[in-house]
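Here, each number is a calculation from the coordinates, and none is a lab measurement. What you see is a predicted model; the values in this text were computed from it and never measured. So basically every Cβ, Gly included, is an ideal-geometry build from the backbone, and we count neighbours across all protein chains shown.
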Amino acid sequence: MKLLPRNLLLSLMTSAFLTGAAFAGDADFTLLNRTGYTLREVYISPSHKNSWGSDRMGKSYLDNGQSRLFKFADKSYCKQDLKVVFDDDDSEVVWEDFDLCEINKITLRYNRKSGNVSADVE
């Protein structure tokens, strides 16, 4: 087995680390539902656009307390808005300006009585 010179080995390790770091900021994220209600639909759109695209839930539902990983292919727009539709009354709530290139987990909260919406990010 041929050994690589130490500085070449260090250079290769640094390069591999930096390449991995570039992918560490991918836009996939876990959504945790702490709204108190079941989510029937989830939409993701570049911030401040008027088009939501298709429902990311498909035929699934996200009950309160459950989480789901969302794969996010379009990493050219890190800032995204998130809209959910609740199963029990078809109401919609929008959260704005999530930087999905920096966030791994979003916990949604909603107080229907007060209309207060919030989100914790990790």
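For segment 37-122, the equivalent ellipsoid derived from the Cα gyration tensor has semi-axes of 20, 14, 13 Å, listed largest first. Note on Thr38 and Ser76: their simple-model spin labels are 3.8 nm apart, each label 7 Å out from Cα toward Cβ. Provide the FRET efficiency to the nearest 0.05 for the Asp26-Asp87 pair, computing r from the beta carbons and using R0 = 30 Å. Computed FRET efficiency for Asp26 and Asp87: 0.55. For segment 23-122, trypsin sites (Lys or Arg not before Pro) meeting the loop criterion (DSSP other than H, G, I, E, B) and having at most 15 other Cβ atoms within 10 Å: Lys49, Lys59, Lys71, Lys75, Arg112, Lys113.
As a calculated quantity, the FRET efficiency between Glu102 and Lys59 at R0 = 35 Å, using C-beta atoms, amounts to about 0.70.
Only the Cβ atoms of Lys and Arg (+1) and of Asp and Glu (-1) were treated as charged; on that basis the dipole of segment 26-121 about its Cα centre amounts to roughly 140 debye.
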